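Down below is the structure, laid out as C-alpha cells.
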Amino acid sequence: MTPNNTVVQAPPANDKRLRLLEATMKRHQYRPDALIEVLHRAQELFGYLDIKLLLHIAQRLKLPPSQVYGVATFYHFFSLAPKGVHSCVVCMGTACYVKQAAQLLSFLEKETGIQVGETTSDGQLSLMTARCLGACGIAPTVVFDDQLEGHQTVESVGERLNTCLGVEA
Amino acid sequence: MDLTQLKQSTSAAQKKYHIRCCTVGGCLSANSAAVKEQLKTAIAASNLTDQVQVSGVGCMGLCSQGPLVRVETENATEVLYRQVQPEQSAAIVSSLTQSPHPEPVDLKTQPTDSPFFTRQHRIVLENSGRIDPEKIEEYIAASGYEALHHCLREMSSAEVVDEITRSGLRGRGGAGYPTGLKWATVAKMPPGQKYVVCNADEGDPGAYMDRSVLESDPHRVLEGLEIAAYAVGANQGYIYVRGEYPLAINHLQTAIRQAKRHGLLGSQIFDSPFDFRVDLRIGAGAFVCGEETALMASIEGKRGIPRPRPPYPAESGLWGRPTLINNVETYANIAPIIRKGADWFASIGTEQSKGTKVFSLTGKVKNAGLIEVPMGISLKEIVEGMGQGAPDGAQVKAVQTGGPSGGCIPADAFDTSVDYESLKALGSIMGSGGMIVMDEHTHMVDVAQFFMQFCMDESCGKCIPCRAGTVQLYQLLTKFKEHRATPADLEQLEMLCDVVQHTSLCGLGQSAPNPVLSTLRYFRDEYLVAMVEKT
Ligand SMILES: Cc1cc2nc3c(=O)[nH]c(=O)nc-3n(C[C@H](O)[C@H](O)[C@H](O)COP(=O)(O)O)c2cc1C
Ligand code: SF4
Ligand code: FES
Ligand code: FES
C-alpha cells in the first residue's frame, strides 16, 4: 500500500489532531477491535483518511497495514481522498427513488458539471448519494452540508445549491 | 434504588395545557426545533408559563405533514397541527386562552379520528410522540424499567425466556425467527462470557422504523436489551447503529448515561446480582453489515463479511462466544410483554404472527409516515384506508415490502393479511417494515433494476454467485430497460435468478433475485413490452 517510492511518514507529531486521535485510541486501550471507531474519529478530525494516517493507525493499534487499509476501503463512509468544502448528498433509497430522486441527481450533475462521487475542480463541492437517510416520510431528501431537506424538487435543490455555494441567485 | 423511589423522584406536577412538538426525524429537518423555541417564547410573553408545558417529543407518525404539534387540554381534548411554522407559534398559544378554543384560521389541523390514527395499535410506539426521549424521568413515569425490575426481582432467567416464548414474538429484523427459541438456545449454552447485540443497522432503503424508535424512545430498547441479557446470562451488550443516524446515536448515548446515573446499568442493578454494560458501535455504511455474522465481524473491527452458518451466533458469535442478536423493534416489544404478560401479547395478531408490526409507509401515498398495526390487518386497509392511496388521484399499482430482499405485491392482491406466511406466499416477505407504495407511473422493470443495482453495489464480493451474478442480472435488466432484450435474455434472466438464489452464501445474495422474480410473476407483461420488436 506504499505509494511508489515516496517515503511514508506519519503527520507531524505536534499536530493537535493527532493528539486527539491518540486520546481516542488510548480510551479504547489500543484494542484492535476499536479500529472502526478510531477510523471514524480520524476522518472526523482530518476530513479524510490519508494513506500515511492509515499507516500511523496500523502502527499504534499493532495491526497489519493491509487490514487497516482493507477496513478503510470496505466501508462506504470512509474516504481516502479529500472532500470538497461543501457537500451535497442525494438520497437514492427506494422511497426517494419512486419520488424521482434520479431527476434531482441528474439535474445536480448537470448543474455542477461533475458526476456522483466527484468533487468540483475548485474543491468547492462534492456530490454524493446515500442509500437512505431515514427520513423517507418526507421523500425525496437531499442533504446540503449536513442539513437535511425534505420534499425536494428540481427548483428547490437548485436554489439550495446556490445558497450552499454562496452564489447569488 | 427502588423503583417506587425512582418514580416519586420523577413525577412532576401536571399543568393545565400540554403542547408537544415533534423534534426528531423529518420534523426536525423541517425546522421543528425553532417551532418549539417560539412556542416557549410565546408562552412566556403571554404569562402562561405556569399553565402550559411545552415538550419536545418523538415521532407522532404522520411525518410527511411535519412539523407536527399536538395540543392537549386538561379535559384531554387534543388538537393536532401540521406543517407548523415557527411564526405560527403565537397563534397556537393565543388559541388556548380563548374559549371555546377556536382553531386559528391560518393553521392547518389534522383530524385524529381518521383511519391513519384509529387503525393503529401502539405497543412499540406507545411512548413515541408522547414522552421526551431525552428525559429518563418521563420514560419511568410511563412505566419504564418496571419490566426490568420485575424480571430481576421476581423472575428467574428461565421464566423470562419462557414468557417470551409463550408470547409468540418473532424477530422483527426480517426473517421472523421465534425470539423465545433464540433466547433459549443462548441461555442453554454453558455459563461463561456471553453477549447480547442489538441490530440497529437498518439497511432497508426507504424504511426508518428503527431510527424512529431509537430517536423517540431509546430507553425502551435499552430495557429490552437488558432483560434479554438477564435471560440468557450475558453481562455485556452492543448496540450497532447506522452511522447515517446521528440523532439516534445521540439519544442512545444520552439514554445510556442517564441509565448509568440511575443505577439501571452497571453493577447490581436493582440490588440484584445482575451486572450489565452496554457499548455503542457506529456502522460505517455497508448494507451487508445488517447480516448478523457480518455485523459481528464489524463489531470486532473487521471488514463486514458474512461467514457460513452454522455455527449460529447463538453458539459461536462475538469473539467465538455465544451471542444473542435481535433487531431494535424485537427488543422494543420485550418490556410490554413482561409488564402485561405473554397471554395479552399472544391475543393480538394472527395464529402464526403475534403482536403488531411497525411499518414505514412511504412512496406514492398521501399519508406517508410511520404506523404500528396489528398483524393480520389487510394491505388494503393500510394502503387505501390509512395511507389514503396515491396523491393526485393516481392509481396505486403495487406495494413493495422487504426492501432489496422482498418483492412487489400487486394491487389486486391487497386483500392479503399482513403476516409472515401470507406475504411469503405472495413472493415477498414481511421484512423489517418498509412498505413503499408505487403508482401507475412506476415501471416495474426499473424497480427491479434499481434493487439489483443496490445489491450489486452492496455485495461484499466473498462468493461468486452474488459477486458476479448481481452484475450480470443488472446488465440483463438494463437491456430490458433500454428495450434491447431478446427472448433469450428473458430465459437467461430467470435461469440466473435461480442460480444466485440457491448458491449464494448469505441472505444478501440469496434474496437479491426476489424483486426480479416477484415483478416477473405479477408484471411479466412489462418485461415483454420491454423486449425488442420481433423482426
Ligand atoms: C443482507 C442482510 C441485511 C440485513 N439487515 C438487517 C438490518 O438492517 N436490521 C436487522 O435487524 N436485521 C437485518 N438482517 C437480519 C439479521 O441477519 C438478523 O437475522 C436479525 O438481526 C435478527 O434479529 P431478529 O431475530 O430480532 O429479527 C439482515 C440480513 C441480511 C441477510
Ligand atoms: S452472498 Fe453476496 S454479500 Fe453474501 S457473502 Fe456472498 S458475496 Fe457477500
Ligand atoms: S429513501 Fe430517502 S430517506 Fe429513506
Ligand atoms: S418525525 Fe415528526 S412526526 Fe415523524
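The values are calculated or read from the model by the stated rules, or taken from the named source; none is laboratory data. Quick caveat, the model's predicted, so the values are computed rather than measured. Glycine gets a Cβ as well: all are built from the backbone with ideal geometry, and neighbour counts include every protein chain shown. Heavy atoms of the whole protein, side chains included, go into the accessibility calculation; ligands, DNA and RNA do not. Shrake-Rupley method; radii C 1.70, N 1.55, O 1.52, S 1.80 Å.
Scanning the stretch B:22-61 for residues being closer than 18 Å to B:Ala91 by Cβ, part of a helix (DSSP H, G or I) and either out of contact with any strand residue (DSSP E or B) (no Cβ under 7 Å at 6 or more places or on another chain) or more than 8 Å from ligand 4 (Cβ to nearest atom) (or both) gives a total of 12. Among the residues of the stretch B:44-97, which ones are modelled with pLDDT under 95, open to solvent by less than 50 Å² (accessible area, probe 1.4 Å) and either within 16 Å of ligand 3 (Cβ to nearest atom) or charged (D, E, K, R) (or both)? Those that are modelled with pLDDT under 95, open to solvent by less than 50 Å² (accessible area, probe 1.4 Å) and either within 16 Å of ligand 3 (Cβ to nearest atom) or charged (D, E, K, R) (or both): B:Gly66, B:Glu72.
The single residue among A:Phe74, A:Phe107, A:Phe144, A:Phe78 that is among the aromatic types (Phe, Trp, Tyr), open to solvent by less than 40 Å² (accessible area, probe 1.4 Å) and more than 10 Å from chain B (Cβ to nearest Cβ) turns out to be A:Phe144.
Quick one: is B:Arg242 buried (at least 23 other Cβ atoms within 10 Å of the Cβ) and within 14 Å of chain A (Cβ to nearest Cβ)?
On the way: buried (at least 23 other Cβ atoms within 10 Å of the Cβ): yes; within 14 Å of chain A (Cβ to nearest Cβ): yes.
Yes; evaluated as a whole, the condition is true for this residue.
Hey, B:Leu505 hits all of (1) of a type outside the set (Ser, Thr, Tyr); (2) within 14 Å of another protein chain (Cβ to nearest Cβ); (3) surrounded by fewer than 22 Cβ atoms within 10 Å (Cβ to Cβ); (4) within 16 Å of ligand 1 (Cβ to nearest atom) but one; which does it fall short on? Only one criterion in (1) of a type outside the set (Ser, Thr, Tyr); (2) within 14 Å of another protein chain (Cβ to nearest Cβ); (3) surrounded by fewer than 22 Cβ atoms within 10 Å (Cβ to Cβ); (4) within 16 Å of ligand 1 (Cβ to nearest atom) is unmet by B:Leu505, namely (2). Counting residues in the stretch B:15-30 that are more than 16 Å from ligand 2 (Cβ to nearest atom), open to solvent by 60 Å² or more (accessible area, probe 1.4 Å) and more than 30 Å from A:Val142 (Cα to Cα) gives one or more. Pairs meeting the criteria (first residue in the stretch A:52-65 and in contact (Cβ under 8 Å) with a residue 12 or more places away in the chain and in the same structural domain as A:Ala42 (by TED's automatic domain parsing), second residue of a type outside the set (A, V, I, L, M) and in a helix (DSSP H, G or I), beta carbons under 8 Å, at least 6 apart or on different chains) are A:Leu53/A:Phe46; A:Leu54/A:Pro65; A:Leu54/A:Tyr69; A:Leu55/A:Pro65; A:Arg60/A:Glu22; A:Leu61/A:Pro32; A:Lys62/A:Pro32; A:Leu63/A:Pro32. Just for the stretch B:301-326: of the residues that are open to solvent by less than 20 Å² (accessible area, probe 1.4 Å) and in a loop (DSSP other than H, G, I, E, B), which one is nearest to ligand 3 (Cβ to nearest atom)? Across the stretch B:301-326, the extreme among qualifying residues is B:Gly304. Looking only at residues of the stretch B:413-463 that are within 16 Å of ligand 2 (Cβ to nearest atom) and without any contact (Cβ under 8 Å) to a residue 12 or more places away in the chain, we find that the one that is surrounded by the most Cβ atoms within 10 Å (Cβ to Cβ) is B:Asp457. Report every pair of residues separated by at least 6 positions or lying on different chains whose Cβ atoms are under 9 Å apart, first residue within the stretch B:24-36 and within 12 Å of chain A (Cβ to nearest Cβ) and within 16 Å of ligand 1 (Cβ to nearest atom), second open to solvent by less than 50 Å² (accessible area, probe 1.4 Å) and assigned to a helix (DSSP H, G or I). The qualifying pairs do not exist here.
What tally of residues in the stretch B:158-176 results from selecting those that are open to solvent by 40 Å² or more (accessible area, probe 1.4 Å) and part of a helix (DSSP H, G or I)?
The initial filter retains those residues of the stretch B:158-176 that are open to solvent by 40 Å² or more (accessible area, probe 1.4 Å), namely B:158-159, B:162, B:165-166, B:173, B:175.
Filter once more, so that each one left must be part of a helix (DSSP H, G or I): B:158-159, B:162, B:165-166.
Matching residues across the stretch B:158-176 total 5.
Among the residues of the stretch B:269-300, those that are in contact with a strand residue (DSSP E or B) (Cβ under 9 Å, 6 or more places away or on another chain), part of a loop (DSSP other than H, G, I, E, B) and within 14 Å of another protein chain (Cβ to nearest Cβ) comprise B:Gly283, B:Gly285.
Do you know which of the residues in the stretch B:177-194 that are in a loop (DSSP other than H, G, I, E, B) and away from ligand 1 (no atom under 12 Å from the Cβ) is least open to solvent (accessible area, probe 1.4 Å)? Full working, then the answer.
Pass one, the stretch B:177-194, residues in a loop (DSSP other than H, G, I, E, B): B:177, B:189-194.
Among the residues that remain, those that are also away from ligand 1 (no atom under 12 Å from the Cβ) are: B:189-194.
Working: B:Met189: 49, B:Pro190: 91, B:Pro191: 126, B:Gly192: 44, B:Gln193: 71, B:Lys194: 8 Å².
Going through the qualifying residues, I end up with B:Lys194.
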